[in-house]
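What follows is a short report on a single structure.
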Amino acid sequence: MAFLAIEMLLVSVGVIGLLSLREADQRANQVVGLQQKIEAYRQMQHNTLRQLYGVSTALAFPNETTLAVVLRQINQFGYDLDRVSFVAKDEVALLNQVREEYARFIAVVSHIVDLIRGGRAAEAKQSEFAELGPLADKLERLTNQLVNRAEADMVAGIDASRQTYVKSQILVAAVALVSFVLTLVLGHAISRSVIDPVRIIHDGLNRIAAGDFAQRIEVPNRDELGELAAHVNSTCDELQQLYRSLEEASRHKSQFLANMSHELRTPLNAVLGFSELLLDGIYGDPPEKMRSALERIQRNGRHLLGLINDVLDLSKIEAGQLRLSLADYSVEELVNVVHTSVEPLAADKNLSLRIAVPAGLPPARGDERRLAQALFNLVGNAIKFTDRGEVRIEVEAGVDSYVFSVQDTGPGIDEADQARIFQEFQQVDNSITKAKGGAGLGLAIVKRIVEMHGGQIWIESRLGHGARFSFLVPARLEQQATQT
């Protein structure tokens with residue numbers, strides 16, 4: 001409708017322009033016609049005066065030659081009168097009056113000429129004064145009247161042309177103003193009919209990207225934008241169904257992993273227990289070859305048990321079954337416990353294990369066991385991937401938070417890999433990582449534990465310059481953070 005209104009506006013502007021041009025052309029033709037009429041009237045007036053003067057001269061000095069010339073000239077006046085009648089069709093009555101008076105003038109002149117030729121000069125002179133003079137004055141007045149009328153019509157035509165020009169200016173200005181206002185209004189309507197649906201669709205897509213599939217995108221347009229909104233709604237319904245299916249599958253997967261972890265951990269603990277009894281000599285001292293095999297069973301069993309525990313923890317977190325046990329704890333004791341647990345691992349690789357904890361830290365509140373697990377995973381990874389140098393554990397106290405950091409002198413992590421190492425089952429794809437092994441769950445569990453405490457984790461590293469893992473947690477956590 002807006003485009004149609006604009007088209008009608010353009011057509012109306014064109015029609016108004018054509019009408020203004022036609023009226024201006026008509027006024028110009030009228031002025032030209034009036035000018036031609038004035039020229040014809042003035043020519044006729046000039047000829048009339050010349051003929052009247054010639055008649056007066058001929059009658060003053062009569063002879064046959066001058067009389068013949070006078071008669072011939074006054075008879076030619078009919079041609080001039082016919083030409084004036086052609087260009088002055090609106091002055092027919094006045095021209096007929098001129099024609100009648102001139103016919104009488106010709107008749108009187110012819111009578112006077114006949115009297116002169118008959119030798120009756122006195123009678124001819126008397127007729128000239130009695131009849132010819134008044135007729136000549138009347139003809140002069142009539143021709144002056146024709147010229148004055150034509151000149152008055154010329155002035156009126158010029159005034160009308162000027163008024164037409166002024167009216168055309170006003171009309172064009174009014175049309176331009178109306179066109180400007182309508183263009184703004186219609187342009188606004190067109191832009192709103194496009195921008196508003198685009199904004200609605202954009203907001204709807206943002207909601208869909210945020211995981212909100214319930215709301216519908218309502219667009220009043222019945223054009224391509226309306227069809228696009230309908231397609232987006234249809235896609236949103238499909239995504240909602242798919243998302244529910246994925247959530248259901250994820251819950252089943254987490255439940256399956258949790259159940260399998262329990263089923264695997266029970267016999268594995270039995271294997272570890274009996275192997276430990278055998279190593280302790282409960283059933284007699286084992287031979288040296290058997291002891292070596294039992295130690296390998298113990299080492300690999302503990303490794304497998306750690307993997308099972310990681311899978312179980314991750315499954316509980318994803319299923320929303322893992323709850324934090326909030327209580328007051330000592331940051332210094334937490335770090336010391338982790339240091340004591342991993343010190344043998346560092347000693348086996350001749351690594352220096354250092355800690356830096358400010359003295360006199362106030363008690364913190366959170367899940368001490370889970371935070372110790374997170375710190376243990378970071379330190380364990382640092383020891384595993386560091387072949388020489390040192391591993392350093394640091395704690396920095398903020399206003400209402402603590403920052404735990406683990407720094408090593410290992411090979412470092414490329415910047416391209418830093419964004420994905422906190423995801424489940426993700427490892428840095430290089431020869432060192434493959435040689436060290438691992439399931440890629442440790443950092444994912446650390447990230448989940450930190451987020452459950454309402455904190456965040458990050459890494460600072462360059463290839464060949466080691467890595468520094470840090471996580472921030474509130475000093476006093478009163479309620480477990482909601483997982484998204």
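The values are calculated or read from the model by the stated rules, or taken from the named source; none is laboratory data. Computed from a predicted structure; not experimentally measured. Here Cβ is always computed from backbone atoms with ideal geometry, including for glycine, and neighbour counts include all displayed protein chains. The accessibility values were calculated without ligands, DNA or RNA, using every heavy atom of the protein model including side chains. Shrake-Rupley method; radii C 1.70, N 1.55, O 1.52, S 1.80 Å.
Express the Stokes-Einstein translational diffusion coefficient of region 224-301 in µm² s⁻¹, to the nearest whole number, given a Kirkwood radius over alpha-carbon pairs, 10 °C and a viscosity of 1.306 mPa s. Answer from the Stokes-Einstein relation: 93 µm²/s. Per residue, region 359-414 exposes 43 Å² of accessible surface when a 1.4 Å probe is rolled over the protein heavy atoms with every protein chain present. Applying 0.36 nm per residue to the separation of ARG420 and GLU295 and subtracting their alpha-carbon distance, the gain on full extension is 41.5 nm. Of the solvent-accessible surface of region 324-474, computed with a 1.4 Å probe and all protein chains present, 48% belongs to carbon and sulfur. Between the amide H of ARG365 and those of TYR329, ARG476, LEU477, distances stay under 5 Å, these residues lying 5 or more places away or on another chain, with hydrogens modeled in the peptide plane. Counting 0.36 nm for each residue step from GLN480 to SER250 and taking away their Cα separation leaves a gain of 80.6 nm.
Using just the C-alpha positions of region 1-41 as equal point scatterers, what log10 of I(q)/I(0) does the Debye formula give at each q in 0.17, 0.18 1/Å? The calculated log intensity ratios at q = 0.17, 0.18 Å⁻¹ are -0.58, -0.60. Probing with 1.4 Å while keeping every protein chain in the model, the per residue accessible area of region 192-252 equals 72 Å². One chain, two ends: ARG365 and VAL13. Fully extended at 0.36 nm per residue, the span grows by 118.8 nm beyond their Cα-Cα distance.
ASP387 exposes around 100 Å² of accessible area when a 1.4 Å probe is run over every protein chain in place. The heavy atoms of HIS231 present about 120 square angstrom of accessible area, all protein chains included, probe 1.4 Å. The label-point distance for ALA122 and ARG354, in a model that sets each label 7 Å from Cα toward Cβ, rounds to 16.5 nm. For region 338-428, what does the alpha-carbon gyration tensor say about shape, rounded, prolate or oblate, given a ≥ b ≥ c as the root eigenvalues, a/c under 1.5 as rounded, and a/b over b/c as prolate? Oblate.
Database remark: amide H of TYR402 closer than 5 angstrom to the amide H of VAL473, ALA475 (H placed geometrically; neighbours at sequence offset of 5 or more, or on other chains; Pro and chain starts carry no H). Distance between the pseudo-spin-label points of LEU4 and ARG323 (7 Å out from Cα toward the beta carbon): 6.7 nm. In terms of packing, defined here as the mean over residues of other Cβ atoms within 10 angstrom, the peptides 237-248, 357-368 line up highest first as 357-368, 237-248. Sorted largest first by accessible area at a 1.4 angstrom probe radius, with every protein chain in place, the residues ILE170, ILE457, ILE112 fall in the order ILE170, ILE457, ILE112.
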